[in-house]
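Some notes on the structure that comes next.
Coordinate-derived values only; no laboratory data. Note that the structure is a prediction, hence the values are computed from the model and not measured. Glycine gets a Cβ as well: all are built from the backbone with ideal geometry, and neighbour counts include every protein chain shown.
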Amino acid sequence: MNTEQRVDVAIIGAGIAGIATAYYLVVDQKKTSVLLIDYRQPMSYTSVQSGDNYRNWWPHPTMTAFTNDSIDLMRRLATDTDNVFNMTHRGYVLATRQSDIEGMTGSLQAETDVDVISDRQQIRAAFPMLVDDIKNVIYIKNGGDFSGQRLGAFMLEQYREAGGKRLHGEVIRIEKDDAYSLQVESANGDQTVKADVLVNAAGPFAARVAGMLGVEMPIKNVYQQKISFDDKLGAIPRDMPFSIDLDEKSLGWTDDERELLASDPDVAWITDTMQAGTHCRPDGGERGTRVKLGWAYNQQTSEPQRELANEAAIDPQFPEIVIRGAAAFLPSLSPYIDAPPARFVHYGGYYTMTAENWPLIGPMGPDDTYLVGALSGFGSMSACAAGKLCAAWVCGDALPDYATDLSPARYENAALIATLQNASNKGLL
């Protein structure tokens, strides 16, 4: 039996971006008829795989302003909730063995509060966990980590208490008559949702939802991986900032290991020089014992799978690769190369992104349709500003200066797109 309900706004997708948009529509904009639709539990797909870090380091002032706004919003919520989502302020450490870092620091925006430390003794005193050959550290002060799951749970609860509703089901078709008509499959039977306004917050499936409206979006999905394990050796200090190696590296194979790996075409690539970007941070707070390691070196696009566990791109070599990569700049991790953690969590999620690595937030094309997506590896840290911005678009509220440049309308600005796509640094970590 097909049932029908009518709402002002339907949001497709209950990841962190959809939840934040719902929160700002109902709690901030006082919308009373909003429906959040997803066939999964909230934040159980890509959002649960987040690294849950934040920073205002970006090579372009638009992204700096956007993330500054999001960090400010998170800080206000942390204050109002007695920091229910465990927001820390330890910053980011960007470490390099290069002497000339003018190109790196030249891309930092005026709004980015940084210390550049070049004295080797100062580096050792401030960041003793780093390998001795690090010559420069860029310390991003406006950064840290938080629990994205707790932030999402808080916003979802506030949304519910303010009258927002949820529907557990999958949108399989969208039509337009007097309103948008969403055909939803659910465990309780097929349903029709009539909505005056439609928000596409479907994460890795955003392009698929846009396609139901005849709209093409320049979005791709790249699967990236992380590991987490109990640091029984106490290798990583509990107060260590989120730390990133800015240098390319080899993985320290012995001659015999290199020869063996090079003989196998499927894994020979890991004997080559690897790209920069290995990162590490303690996980679970000061009293925790776990660490997270990540390295977004995959560059192959893939179609999102219904279940992340079935993602064909998952790399069984990744745990060893990332441990070796991290140990190259955090030598206290080196014992884990020969004696890997007996138990670790190996997981991954999609970087849903545009070629320029900027989000898409704003009008999607057809009247009263909006997109909040392409949040790449910065979805959790930008969710508050992204949700607030999307809500402002929906309600015709005042928009920040960067709103148009973060919307699909930016593709009408050929000069901007050329600048972004030709940039050597797109802020991808």
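Roughly how tilted is helix 148-161, in degrees to the nearest 10 and between 0 and 90, from the longest Cα axis of the chain? With both axes taken from Cα atoms, the answer is about 20 degrees. Per-residue 3J(HN,Hα) values for region 379-390, derived from phi via the Karplus relation 6.51 cos²θ - 1.76 cosθ + 1.60 with θ = phi - 60°, read x, 5, 5, 9, 4, 4, 5, 5, x, 5, 5, 4 Hz in sequence order (x marks Gly and Pro).
With N the number of residues in region 1-79, Rg(Cα) / (2.2 N^0.38 Å) evaluates to 1.35. Rounded to the nearest 5, the antiparallel percentage of DSSP beta bridges internal to the chain is 70%.
In straight-distance terms, cross-link reach from LYS194 covers every one of the aspartates and glutamates whose alpha-carbon lies under 18 Å from its own, apart from those fewer than eight places away in the same chain; here that gives GLU4, ASP8, ASP38, GLU170, GLU175, ASP177, ASP178, GLU185, ASP367, ASP368. Region 399-428 and region 369-383 have their alpha-carbon centroids 15 Å apart. In order along region 205-221, phi translates into HN-Hα couplings of 9, 4, 5, 5, 5, 4, x, 5, 9, x, 10, 9, 10, x, 10, 10, 10 Hz, rounded to whole numbers, per the Karplus curve 6.51 cos²θ - 1.76 cosθ + 1.60 with θ = phi - 60° and x for Gly and Pro.
If you sort the three axes of the alpha carbon gyration tensor as a ≥ b ≥ c, you get a/c of 1.5 or more for region 221-347 and a/b no higher than b/c, which makes it oblate.
Counting other Cβ atoms within 10 Å, which trypsin sites (Lys or Arg not before Pro) in region 1-75 have at most 10 and lie in a DSSP loop?
On the way: sites: ARG6, LYS30, LYS31, ARG40, ARG55, ARG75; in loops: LYS30, LYS31, ARG40.
Filter output for region 1-75: LYS30.
Taking a point 7 Å out from the Cα of ARG258 in the direction of its Cβ, none of the residues of region 333-348 has a backbone N less than 13 Å from it. Taking amide hydrogens as placed 1.01 Å from N in the peptide plane, the amide H of LYS31 sits under 5 Å from those of VAL26, each at least 5 positions away in sequence or on another chain. Per-residue ellipticity at 222 nm from helix content only, as computed over the chain with -39500 (n - 2.57) for each DSSP H run of at least four residues, stands at -7500 deg cm²/dmol. Taking the Cα atoms only, what angle lies between the long axis of helix 61-80 and the longest principal axis of the chain, rounded to 10 degrees? Once rounded, one gets 80 degrees. Close amide H partners of LEU375, meaning residues 5 or more places away or on another chain with modelled amide H under 5 Å apart, are THR352.
Using only the Cα atoms of region 217-260, build the gyration tensor, take square roots of its eigenvalues as a ≥ b ≥ c, and label the shape rounded, prolate or oblate: rounded if a/c is under 1.5, else prolate if a/b is larger than b/c, else oblate.
On the way: a/c = 2.02, a/b = 1.09, b/c = 1.86.
Because a/c hits 1.5 or more and a/b fails to exceed b/c, region 217-260 counts as oblate.
Two numbers describe the Cα atoms of the chain: Rg and Dmax, which are 22.1, 73 Å. The distance linking region 304-353 with region 112-162 is 21 Å (Cα centroid to Cα centroid, whole angstrom).
Between 0 and 90 degrees, the angle of helix 318-327 with respect to the longest Cα principal axis of the chain falls at about 50 degrees. Between ASN221, ASN53, ASN86, the GNM of the chain built on Cα springs shorter than 10 angstrom shows ASN86 fluctuating the most. What whole number of Å gives the distance from the Cα centroid of region 217-254 to the Cα centroid of region 4-52? Each part reduced to its Cα centre gives a spacing of 30 Å.
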